[in-house]
1. Which FRET efficiency value, to the nearest 0.05, is calculated for Y506 and T346 with the Förster distance at 41 angstrom and r the Cβ-Cβ distance?
2. Relative to the first principal axis of the alpha-carbon coordinates of the chain, what is the inclination of helix 203-217, with its axis defined by its Cα atoms, in degrees from 0 to 90 and to the nearest 10?
3. Any chance you could give the angle, 0 to 90 degrees and rounded to 10, that helix 453-485 forms with the longest Cα principal axis of the chain?
4. How many percent of the accessible area of the chain is carbon or sulfur, using a 1.4 Å probe?
5. Could you calculate the contour length gain from I362 to Y393, that is, 0.36 nm times the residue separation minus the distance between their Cα atoms, to one decimal place in nm?
6. How high is the relative contact order of the chain, given as a whole-number percent (alpha carbon pairs under 8 Å, six or more residues apart)?
7. Within the range 34-88, report the chymotrypsin sites (Phe, Trp or Tyr not before Pro) that DSSP leaves as loop and that have at most 15 other Cβ atoms within 10 Å.
8. Would you mind computing Rg(Cα) / (2.2 N^0.38 Å) for the chain, counting N as its residues?
Amino acid sequence: MSMIAAFYSGKSILITGATGFMGKVLMEKLFRTSPDLKVIYILVRPKAGQTTQQRVFQILNSKLFEKVKEICPDVHEKIRAIYADLNQNDFAISKEDMQELLSCTNIVFHCAATVRFDDHLRHAVQLNVTATQQLLIMASQMPKLEAFIHISTAFSNCNLTHIDEVIYPCPVEPKKIIDSMEWLDDAIIDEITPKLIGDRPNTYTYTKALGEMVVQQESRNLNIAIIRPSIVGATWQEPFPGWVDNLNGPSGLIIAAGKGFLRSIRGAPMAVADLIPVDTVVNLTLAVGWYTAVHRPKSTLIYHCTSGNLNPCNWGKMGFQVLATFEKVPFERAFRRPNADFTANTITSQYWNAVSHRAPAIIYDFYLRLTGRKPRMTKIMNRLLKTVSMIEYFVNRSWEWSTYNTEMLMSELSPEDQRVFNFDVRQLNWLEYIENYVLGIKKYLLKEDMAGIPEAKQHLKRLRNIHYLFNTALFLIAWRLLIARSQMARNVWFFIVSFCYKFLSYFRASSTLKV
Ligand SMILES: CCCCCCCCCCCCCCCCCCCCCCCCCC(=O)SCCNC(=O)CCNC(=O)[C@H](O)C(C)(C)COP(=O)(O)OP(=O)(O)OC[C@H]1O[C@@H](n2cnc3c(N)ncnc32)[C@H](O)[C@@H]1OP(=O)(O)O
Ligand SMILES: NC(=O)C1=CN([C@@H]2O[C@H](COP(=O)(O)OP(=O)(O)OC[C@H]3O[C@@H](n4cnc5c(N)ncnc54)[C@H](OP(=O)(O)O)[C@@H]3O)[C@@H](O)[C@H]2O)C=CC1
């Protein structure tokens, strides 16, 4: 019997960010391994015209929860969706709901965050810092609370190259930042943002670092742990391989490459691609919840959930495998044939941006205009290039994260728990994982049918022919213009033509002699 699964039985668990990528996988695993848990409270806001209940209904009816519904048929009754907006005071939770949360919660998993790299500092601070502080104040009023698990990111200290499982202080105290966000206007915040974030690349990593400091400062006598995952990707094994439902991290860029929009990224092929499957992160999170509650470590432990030091894979290898998978299972209706590359050189990268990204978009928009349609490709390309510029920081560097606490925890687990809550990335086969990731993107994100693969391959063949035809035409036009203008080009041209003529005459003569 798994000790971790048994621990969560009968428990009331509060999850923030349960409608997000990681939150859904966390809920799924909890229900699947501990179907006897008492209740999962989730803080949800209405979104995109859906009420909180409709959102929960949609999640439970998704492919991800198919297995859960077999194992835990009353899953609908065990989820209690509580209306909440983490941007508001007291999260806008009603008095009755707040009372219930405070008196019943045993474990808190705090996953909610804004993960946008370019979020305005005010909003990023509100969600990643102030909301964390408020949640900790709530947690301190929960008499039955056994553990509070905060999800941070391995990149919260990406300004360093070697990162230990400790909290590094930021120059300005989080409380001062929180206070200043209340009275500074947007223009001034915009001005001071680069100075505040310093050598971090964006407001996301900066506010996640502040969030960790808040956790440390507000921990009081709570049992707290922090998990720092690196780049979270599709599921490795559970509940099935390749599940993914958003465009964050590499997923959106894999689509862009597979559809032929993305042809080049300024990135170092040898830099470590520190990806970590979402089910691995969830397994570690649940193991940490158990360990923190049962063993009550004296201080707040930080767990790095990374792959680089135990089982490294670099961007070059990853990109190569992504492209190899496109050969077998191409995406439908590609704009161009997938053929992306990592370029370390800035000038080469700018050249490819102009030739392989912007020029085809302009030509395609011209074609759309000619055929009476609305041009859209330049807009798509600009957005893609903006996204690429934001991730460049992460694909041009390697980091080293120490994983002592994570390895210590692994050794504390029973063999059964090591199997059920496996977070040992040494067992991960990258080539298989990446192939399943690409397949998962095709199935669960793009919702493309496998039956369409022959047609997709046919389409790629047509694109290849158009590409050859286009290049030949372009070459002939350029050559024709050149020989019209330059004597030297004309000389070269006559030389080639006479050489070919002599070559052919020689062969004709020698074959006649043989006969
Ligand atoms: C030898 C051979 C080699 C061969 C090589 C071949 C290569 C082979 C191929 C490639 C292989 C692998 C590649 C490697 C990649 C590495 C990734 C590393 C990531 C590292 C992250 C690490 C950080 C730490 C991790 C963490 O801790 S946190 C998680 C990370 N957080 C995020 O990933 C949020 C990002 N996003 C945003 O920051 C915002 O999205 C924003 C982008 C500002 C836009 O913002 P905005 O312009 O306002 O517009 P949106 O409304 O947001 O979106 C507007 C439109 O763009 C869409 N779109 C949103 N996103 C993305 C996205 N990603 N990718 C694509 N599209 C996206 C959205 O669908 C909407 O499309 P539409 O619906 O309009 O059609
Ligand atoms: N994805 C990754 O690569 C990595 C993620 N992380 C961390 O993991 C955690 C989970 O990330 P992930 O699941 O990928 O992120 P998602 O963007 O998928 O999910 C974010 C969650 O936070 C919720 N949320 C955001 N704003 C509010 C709000 N105002 N009120 C209530 N809920 C809100 C979202 O709700 P809604 O659905 O309503 O928007 C959603 O449930 C985050 O803390 C992130 O920093 C760390 C490393 C890597």
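1. Working: r = 49 Å, r/R0 = 1.21.
Efficiency for this residue pair is about 0.25.
2. 20
3. The answer is roughly 50 degrees.
4. Solvent-exposed carbon and sulfur of the chain make up 58 percent of the total.
5. Working: separation 31, 0.36 × 31 = 11.16 nm, distance 2.73 nm.
Result for the pair: 8.4 nm of gain on full extension.
6. 16
7. none
8. Compared with the compact-globule rule of thumb, the chain sits at 1.17.
The values are calculated or read from the model by the stated rules, or taken from the named source; none is laboratory data. All values reported here derive from a predicted model rather than from experimental measurement. Positions of Cβ are backbone-derived with ideal geometry, glycine not excepted, and every protein chain shown enters the neighbour counts. Please note that ligands, DNA and RNA were not included when accessible areas were found on the heavy atoms of the full protein model with its side chains. Shrake-Rupley method; radii C 1.70, N 1.55, O 1.52, S 1.80 Å.
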